[in-house]
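In what follows, a structure is listed as structure tokens, so that the remarks can point back to it.
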Amino acid sequence: MLILILKALFAVATGMVGGYVHRSLGVAWGVLLMGGYFLGFWLWKYMQ
């Protein structure tokens, strides 16, 4: 469970860093990362 939280925090942090580099792209990138993470998580849960 802790690993999942760390991955989520990492995705948010990556999106924030991207936001500083590319203001508009950073937000979209953060959303894509979070969306991809949750999609992967639910697919993994479904496969179990």
Put a dot 7 Å past each Cα toward the Cβ at Leu2 and Val17; how far apart are the dots in nm? 2.2
The chain: calculated mean residue ellipticity at 222 nm from DSSP helix runs of at least 4, using -39500 (n - 2.57): -33000 deg cm²/dmol
Given 41-48, 28-35, the highest-first ranking by average Cβ count within 10 Å works out to 28-35, 41-48
Separation in nanometres of the label points that stand 7 Å from Cα toward Cβ, at Lys45 and Phe10: 2.0
Determine the principal axes of the Cα atoms in the chain, then give the extent along each, sorted from largest to smallest and rounded to whole angstroms. 38, 18, 7
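We did not get these values from a lab; they are worked out from the coordinates using the rules stated. Predicted model, so just to flag it, every value in this text is computed and none were measured. Positions of Cβ are backbone-derived with ideal geometry, glycine not excepted, and every protein chain shown enters the neighbour counts.
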